[in-house]
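Derivation of every value follows stated rules applied to the coordinates shown; laboratory data play no part. A quick note: this is a predicted structure, and the numbers were derived from the prediction, not measured. Neighbour counts run over all protein chains shown; Cβ positions are idealised from the backbone, glycine included.
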């Protein structure tokens with residue numbers, strides 16, 4: 001087998017993925033939308049760029065990119081129809097095929113978090129059941145846009161009624177935990193048989209994270225604009241790492257052979273240091289983009305420059321060297 | 001021509017500039033105020049330090065520093081009289097001479113941003129015209145001190161009346177956008193003929209960014225204390241980079257031969273990801289000081305340690321090697 | 001004398017300390033609680049790990065670890081009885097023995113800060129004396145848990161009465177400064193005879209730093225969850241460095257031979273850039289954990305990867321080379 005190229009689509013964490021691939025000695029390929037190629041080209045990390053009008057054209061490019069391994073990221077799952085991806089796409093994709101199915105279903109996601117023994121916020125089926133502050137998140141809502149909060153059932157019902165089509169829209173009504181959010185990222189390596197603690201960020205959202213939000217906003221909004229880097233209180237990092245390992249164990253049982261590669265647990269820590277996991281992502285998250293060329297934790301572990309993009313490429317290189325690529329791709 | 005020394009004045013981003021110059025193999029010279037030289041000396045990045053009582057003494061030091069290129073920064077424009085700088089100073093200064101004139105005039109600044117096709121917040125000439133929340137910024141106000149907000153015309157008029165001399169003081173009354181602020185920095189290279197995306201920060205201001213601001217402050221204040229590093233949502237970075245390039249194009253048309261070197265667009269992103277540019281800086285900003293020895297983006301682009309200070313020095317080295325120093329200094 | 005091993009206990013900044021020791025060529029030893037060794041082992045920075053049920057078992061391990069120098073950190077002072085540490089423990093500890101005594105007494109801490117000429121917030125002996133907003137901190141309170149604020153005397157008395165046992169609990173009632181907090185870290189080197197500016201962070205606390213705190217919380221809480229990295233306005237850094245040096249001078253006079261190694265001044269900066277120091281830590285703080293492998297400032301100074309953990313190890317290596325270990329340990 002020839003050494004594969006590393007390919008991703010131009011959005012989300014493509015810079016991270018391609019720089020990392022290049023640092024590990026891979027040839028790189030980017031599929032990006034017209035109008036964005038000059039941005040990506042300016043960084044000098046793409047051996048080849050294919051411009052498309054819509055990311056869906058990837059299905060017609062399969063022959064051309066057959067020598068690649070695709071690294072999926074957040075935008076990847078947002079842009080592609082799952083069925084088509086699973087049935088009409090033959091280029092190897094890094095990760096576990098079945099995780100995609102589980103992740104496309106918010107109820108299955110909650111089931112997986114519960115199976116991992118994680119404490120999750122209460123979820124309400126009907127607005128009238130709500131007995132505490134909640135946050136409403138739409139299924140497949142991208143980047144936090146349109147999320148809203150309500151302090152009680154009455155306010156929630158009022159907000160739903162004031163938004164056209166909102167009552168019917170698939171959504172999750174989730175208890176709002178009083179605490180501060182943390183987004184720890186991990187890498188589960190099949191080749192090294194371990195779950196690595198990678199780094200922690202928190203989101204920077206518009207307009208809830210405006211310095212002036214309290215003066216200006218009747219109702220905070222949660223559109224993701226970027227990410228802040230963080231470091232965790234060390235005793236908390238120990239607990240968070242344990243929960244990361246529990247999560248991997250749960251995926252091994254429920255979604256065999258289990259998740260491999262990058263993942264993120266989206267958590268809220270209350271004043272008593274209780275940890276609530278309100279969401280997870282089964283692949284590289286944009287919060288790791290700050291940690292290029294390394295995070296504090298990845299430097300401690302590796303003693304070298306190890307971004308999440310590079311960690312993924314390192315895993316592929318390791319697997320390639322021992323002819324186990326088929327265990328980490330689908 | 002002999003290889004020049006790199007010189008700056010001790011404030012703002014001097015550490016950044018001199019460390020970068022040293023990393024590029026330049027000899028360095030710092031002009032600093034009495035009482036601050038031990039701070040700068042402790043970092044071991046100054047080949048020579050000249051202590052002055054007031055930065056204005058630089059005009060008398062011209063012979064002594066004639067072998068240098070001066071790197072201006074934020075404090076530079078604050079401390080010097082523009083006319084004197086343009087007419088009585090012969091040591092080469094990095095940048096475009098005419099940009100200084102444009103930047104000294106807030107109306108010309110707005111004109112330049114508009115010419116670049118950037119969306120800018122509405123500006124009001126008279127307090128009574130105000131029909132939405134605004135922020136008031138004084139001309140030449142340094143580091144955010146004294147800025148204030150008002151929710152409507154009535155509150156604004158009241159605040160102006162309660163501040164002695166405020167009515168006559170030159171100021172800008174600017175629409176306050178509901179959103180979160182980002183401060184992307186760029187480097188426009190004349191030698192490489194490209195505009196590079198460098199990194200993003202946001203300010204840390206007193207007391208609006210106090211965790212307890214909402215409990216303590218009747219009226220938030222905006223004195224800059226420092227900066228947080230950020231990473232941008234990648235799809236937003238693509239747009240921001242485009243606006244950076246548009247801005248450079250506008251300076252080429254209106255302020256030929258155009259801006260060269262570091263610059264920053266000061267932006268606010270609303271919940272719909274609309275980008276408003278409320279201010280710009282035509283040189284290195286202090287927000288880049290975090291990104292030493294590199295930012296995530298500069299590492300992606302260069303694959304080596306590239307701070308903004310070093311990027312400036314690299315440009316000078318590049319220009320020196322091809323004998324084009326006169327194109328990047330005045 | 002044989003080159004010592006570097007030893008610490010598994011919590012707070014152990015990763016930082018051990019990675020730094022390893023980078024300086026030391027053999028490392030970790031004492032950690034059962035259940036946490038897999039976390040620490042996963043980073044590959046411990047040559048030996050000793051598991052204990054309680055950190056107090058260190059007193060029985062003295063023979064086994066006699067070839068080590070212990071690096072104390074925040075958790076260290078929290079877990080050990082001071083008298084026992086000073087009288088029943090013979091393994092060398094990095095730092096100044098007498099600082100531990102001074103630090104265990106909140107009144108002596110204030111005395112030291114005042115002796116250094118630092119401006120400190122007003123402290124009130126009795127709740128009824130309070131004439132402005134205050135924050136209440138318990139003696140030995142760990143990680144901010146249980147701290148609370150009150151806007152005036154009446155609110156404070158009410159809060160004390162509503163908390164069982166609070167009236168008798170030893171606590172400090174401290175003026176709450178309107179401003180933003182900064183936590184600058186320094187390293188005072190006995191061997192190089194200088195106080196080095198290392199880096200700046202701010203804390204990330206639950207739930208006061210929740211984006212939604214204002215909507216959810218009747219009363220903010222201050223449990224430390226982690227830290228954000230910051231960079232300071234350069235003119236402010238000059239002042240802060242001066243105060244760091246004044247602080248070292250004060251420790252030389254009051255706690256001879258003075259503090260050596262890492263320390264942190266916990267400060268609040270108001271809108272007029274006045275600096276108030278509300279607390280200090282005489283050893284490595286967790287905020288430095290972000291700055292691995294370096295902070296912006298440490299890179300400027302060293303031109304190499306220099307974390308606080310590594311800086312400590314470098315000092316020990318320097319002292320070992322010139323046979324002055326006894327001056328930096330007790």
Other-copy label distances relative to residue C:44, 7 angstrom Cα-Cβ extension, nm: 2.9, 2.9
Ranked by Cβ crowding within 10 angstrom, fewest neighbours first, how are C:1, C:267, C:113 ordered? C:1, C:113, C:267
By how many nm would the segment from residue C:123 to residue C:162 grow when fully extended, if each residue of separation counts as 0.36 nm and the alpha-carbon distance is taken off? 11.9 nm
Taking a cut-off of 12 Å, what percent of all Cα-Cα pairs in the stretch B:145-207 are separated by more than that? 79
Binned at 10 Å from 0, what are the whole-percent values of the Cα-Cα distance distribution for chain A, short to long? 5, 25, 34, 24, 10, 2, 0
Dividing the alpha-carbon Rg of the stretch B:252-330 by 2.2 N^0.38 Å yields what? 1.31
Under 10 Å, Cα contacts only: if you run a Gaussian network model on chain B, which one of B:224, B:31, B:248 comes out with the highest mean-square fluctuation? B:224
Translational D (Stokes-Einstein, µm²/s) of the stretch C:268-309 at 20 °C and 1.002 mPa s when Rh comes from the Kirkwood sum over C-alpha pairs? 176
Would you kindly give the portion of the calculated P(r) for the stretch B:59-129 that falls above 16 Å, as a percent of all Cα pairs? 60
Separation between the residue B:63 and residue B:115 pseudo-spin-labels, each 7 Å from Cα along Cα→Cβ, expressed in nm? 4.0
For peptide C:30-37, compute the average count of partner chain beta-carbon atoms within 10 Å of each residue's beta-carbon. 1
How long are the three semi-axes of the equivalent ellipsoid for the stretch A:5-93, computed from the Cα gyration tensor as the root of 5 times each eigenvalue, in whole Å, largest first? 20, 14, 12
When only alpha-carbon atoms count, how far does the stretch C:288-330 stretch along each of its three principal axes, as whole angstroms with the largest first? 31, 19, 11
Using only Cα atoms and rounding to the nearest 10 degrees, what angle (0 to 90) does helix B:234-254 make with the longest principal axis of chain B? 70
Quick one: helix A:308-321 against the long Cα principal axis of chain A, what's the angle to the nearest 10°, folded into 0 to 90? 40
Mind computing the radius of gyration and Dmax over the alpha-carbon atoms of the protein assembly as shown? Å is fine for both. 28.1, 80
Taking the stretch A:127-214 and dividing mean pair separation by its residue count, relative contact order in percent (alpha carbons under 8 Å, at least six apart): 24
Restricting the count to DSSP beta bridges whose residues both fall in chain A, what percent are antiparallel, rounded to a multiple of 5? 75
Where both residues lie in the stretch C:1-93, what percent of DSSP beta bridges are antiparallel, nearest 5? 0
At 7 Å out from Cα toward Cβ: residue C:164 inter-copy label distances (nm, ascending): 5.6, 5.6
Going by the rotation axis that takes chain C to chain A, pick out the residue of C with the closest C-beta and quote the gap in whole Å. C:214, 3
Which whole number gives the average count of other chain Cβ atoms within 10 Å of the Cβ atoms across peptide A:235-245? 4
Pairs of Cα atoms under 8 Å, at least six residues apart: use those to get the relative contact order of the stretch A:123-175, whole percent. 51
Please report the antiparallel percentage of DSSP beta bridges with both residues in the protein assembly as shown, rounded to the nearest 5. 75
Please work out the Cα center distance from the stretch B:254-330 to the stretch A:126-147, rounded to the nearest Å. 41
Using only the Cα atoms of the stretch A:123-268, construct the convex hull and provide its projected area averaged over every direction, in square nanometres to one decimal. 10.6
Assume the label is 7 Å from Cα along Cα to beta carbon: what separations in nm does residue C:132 have to the matching positions in the other copies? 3.8, 3.8
Taking only the alpha-carbon atoms of the stretch B:123-175, the convex hull volume per residue, in cubic angstrom, is 70
Point-to-point label distance, residue A:90-residue C:56, nm (Cα→Cβ direction, 7 Å offset): 6.9
Separation in nanometres of the label points that stand 7 Å from Cα toward Cβ, at residue B:192 and residue A:48: 2.6
At a threshold of 8 angstrom on Cα-Cα distance, excluding pairs fewer than six apart, so keeping six or more, what relative contact order does chain B reach in percent? 21
Computed over the stretch A:54-209, the distribution of all Cα-Cα distances in 10 Å bins, rounded to whole %, is 8, 29, 33, 22, 8, 1
